[in-house]
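In what follows, a single structure is set out as C-alpha cells and then discussed.
The values are calculated or read from the model by the stated rules, or taken from the named source; none is laboratory data. What you are looking at is a predicted structure, and each value in this text was computed from that prediction instead of being measured. Glycine gets a Cβ as well: all are built from the backbone with ideal geometry, and neighbour counts include every protein chain shown. Note: areas computed on protein heavy atoms with side chains; ligands, DNA, RNA excluded. Shrake-Rupley method; radii C 1.70, N 1.55, O 1.52, S 1.80 Å.
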Amino acid sequence: MRDRQQTRYECGVCGEEATLHDVVDFNKSCREGEGIYLPLSGTAIYYARCGRCGFCFAPQMCGWTLEEFAERVYNDRYVDVDPDYRSARPTGNAEYLIRLLGDAGRSIRHLDYGGGHGLLSDVLRDTGWNSTSYDPFVDLDRDPVDLGRFDLITAFEVFEHVPDVRRLAGTLASLLNDDATIVFSTLVSDGSIAPHRRLDWWYASPRNGHISLFTRDSLHHLAEREKLAFASFNEGLHVFWRGRPKWATFLPQGSAA
C-alpha cells in the first residue's frame, strides 16, 4: 500500500522527480467516454506526473504483483470495461498488420508481446506468418528471453498496463534483431494531462489497468535509453526501430537511431 504521506516519486521513464497530480476512484474506466459508469469503489488511486517528460503513473498500482493485478483488474469482470479485448481488437490488429506489410509479413519472424491468449498470432499464422504470442499474465512458465530474436514485435494496448516501463522497453529491445521494428499502440496524453488540471482524461482509468500514461516526449526518452529510433504515426500508434529494416517500408523516411 502506498504511504499516504508520500508526494514525490522517481519518474519511471526519465528518472527525474514526479509529484502527485490527482486522484481518481479505482472504478474509473475507459467506458466513461461512452457514458457508461461503474459504481464508486471507495478506493482512491493517486497518479503522479513527471515535471520533465510528462509521464504520469499510479505509484500504488505500480507496486502490485501479477497476482494482485489478476485478482483486482484482469478478472472475470474485465470484459465489462474492455469488451473488445477478447476478439475484436486482436482480429482487427492482425488484419491491420496484414495490410501494412503485405507479402513481406510472411518472410519475417514476428512476436506479439502482451498478446493475451494468442488470437492475433493465430490469425497471422493462418495467412502464412511466422508469428509467436507471449503474455506475462498467460505464459507464466515462459521467460521472454527464451523466445529468441524477432524482426517485428507488436505490443498493442500494452504500454499503459505495465508498472515498470523501462524494464518493458529493455525487454522488447533485447528481443529485436539487428534491423528490426516494434510497432505499439498507446494513447499519448499531450494536451490531456497538464499541471493544475484535474485528471479527467478518459484514458486515465485504473479499472482498465491504465497505470502508465505517456507523452510523446516520454516515449522518446524510452527509445533513446535503448538506442532505438522513435516516431508516431498518430496519437495512438507508434514505432521504435533499430537499423533500417528493408521490409519495413512504412517507417518514416530520414529518421535514425
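General observations
- For Asp135, the amide hydrogen comes within under 5 Å of the amide hydrogens of Gly114, Gly115, counting only partners 5 or more places away or on other chains and with H modelled in the peptide plane.
- Here the Karplus curve 6.51 cos²θ - 1.76 cosθ + 1.60, taken at θ = phi - 60°, turns the phi angles of region 121-137 into couplings of 5, 4, 4, 5, 4, 5, 9, x, 6, 9, 10, 10, 10, 9, 9, x, 8 Hz, with x standing for Gly and Pro.
- The spacing between region 178-257 and region 97-155, judged by their C-alpha centroids, is 20 Å.
- Cα gyration tensor shape for region 111-257, rounded if a/c is under 1.5, else prolate or oblate: oblate
- Dipole magnitude for region 137-252: about 280 debye, using +1 per Lys or Arg Cβ and -1 per Asp or Glu Cβ, origin at the Cα centre.
- DSSP-defined beta bridges in the chain - what % are antiparallel, rounded to 5: 65 percent
- Antiparallel content of DSSP bridges confined to region 1-140, in %, to 5: 70 percent
- Check: region 63-109 dipole with +1 on Lys, Arg Cβ and -1 on Asp, Glu Cβ, in debye: 340 debye
- Accessible surface, the chain, averaged per residue in Å² (probe 1.4 Å): 48 Å²
- With θ taken as phi - 60° and the Karplus curve 6.51 cos²θ - 1.76 cosθ + 1.60 applied, the whole-hertz 3J(HN,Hα) list for region 57-63 is 8, 9, x, 4, 6, 5, x Hz, x standing for glycine and proline.
- When Rg/Rh (Cα atoms, Kirkwood Rh) is computed from the coordinates, the matching label among (i) 0.96; (ii) 0.98; (iii) 1.45 is (i).
- Simple spin-label estimate for Asp122 and Ile36 in nanometres, 7 Å along Cα-Cβ: 2.2 nm
- Amide proton proximity set for Asp22, modelled H, under 5 Å, gap of 5+: Tyr47
- Efficiency of FRET from Cβ geometry, Arg8 and Glu95, R₀ 45 Å, rounded to 0.05: 0.50
- Taking a ≥ b ≥ c as the square roots of the eigenvalues of the Cα gyration tensor, an a/c ratio of 1.5 or more together with a/b larger than b/c marks region 1-129 as prolate.
- Carbon/sulfur fraction of accessible area - region 103-257, other protein chains in place, 1.4 Å, %: 46 percent
- Packing here is the average count of other Cβ atoms within 10 Å per residue, and on that basis the peptides 93-105, 170-182, highest first, run 170-182, 93-105.
- Adding -39500 (n - 2.57) for every DSSP H run of four residues or longer, then dividing by how many residues the chain holds, sets the calculated 222 nm ellipticity at -6000 deg cm²/dmol.
- A probe of 1.4 angstrom, applied to the heavy atoms of all protein chains, finds Ile108 with accessible area near 10 square angstrom.
- Surface accessible to a 1.4 Å probe, Val145 within the full protein complex, Å²: 100 Å²
- Burial order of peptide ranges 126-137, 33-44 (average beta-carbon count within 10 Å, highest first): 126-137, 33-44
- Springs join every pair of Cα atoms under 10 Å in this Gaussian network model of the chain, and among Glu71, Glu157, Glu224 the largest mean-square fluctuation is at Glu71.
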